[in-house]
Amino acid sequence: ETIGFAHAYYSNRHRYLRYIDDKNYFYPNKVALTGKAPLEFFINKKWPLDKCFILGSPRNFESLPDDHKYRKKNSILIIPGYHYELKVITNWLVKNAKKLKKYKFVIRPYPYDWQDIQLNYLLNLKNHSVNFKISNKKSLYEQFSSSDVILFNSSSAGIEAMFSNAIVIKYEADELIKLFDEFQEKLEKIEKIKSSDQLLEILNTISSYSE
């Protein structure tokens, strides 16, 4: 028997979830969900109730020190979800590599996606002299603490960063499926960027606050 874990965040790349009756897709025998709202979503998508159960999603929300936002380190933490999100943000960094020289990018690769594909995108940064390092050994809170800004697309770690009182920016790599109205309304208030030039502009603006 196979058990799948359903993350709390979905993009249009997850639209196969809508096709439970399509035999061309592989589905687990049961799906572990993060809470009541995802359970309702799966039931509405015609998933049998006996195939779904709530497992939960352990999260540790610890607030950063009040003066955290005024420490100027020009350190930017990037938390991509799937590899296509990493492709988007690395292409943006390459495009404005010279203008982004003063920033140090810390990239936390997604652990549950093809590592060789993600590595190829990261190698592209080396070829263009982007100032970056790969870091997935430290806890999220440690990384939030040592970063001025957190960039994310679909990773729920971006929501953890928000609750930790960090400066969070969502970069648009793919359209998210609207699941939970109340949560989506809060998400709409996050600063969003859609291009490399917007990334450069907002990082320079944030950097100027602490000068």
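Quick note: the coordinates plus some simple rules give every number you see, no bench work behind them. Keep in mind the model is a prediction, meaning the values are calculated, not measured. Please note: Cβ atoms are built from the backbone with ideal geometry, for glycine as well, and neighbour counts cover all protein chains shown.
Quick notes
- With the simple model of a label 7 Å out from the Cα in the direction of the Cβ, F163 to E191 spans 2.3 nm.
- A crude spin-label estimate for the pair Q198 and K101, with each label 7 Å from Cα along the Cβ direction, gives 2.7 nm.
- Amide N proximity, region 150-175 versus D113 label position 7 Å along Cα-to-Cβ, cut-off under 20 Å: 150-162, 168-175
- Between K51 and N29, the modelled labels are 1.4 nm apart [label points 7 Å from Cα along Cα→Cβ].
- When the C-alpha to C-alpha distance is required to be over 24 Å, the pairs from K99/K133; K30/K192; K87/K126 that qualify are K30/K192.
- Taking 0.36 nm per residue of separation and subtracting the current Cα-Cα distance, fully stretching the chain between E142 and K36 would add 35.2 nm.
- Sequence ranges 86-98, 123-135, 154-166, ranked by mean other-Cβ count within 10 angstrom, highest first: 154-166, 86-98, 123-135
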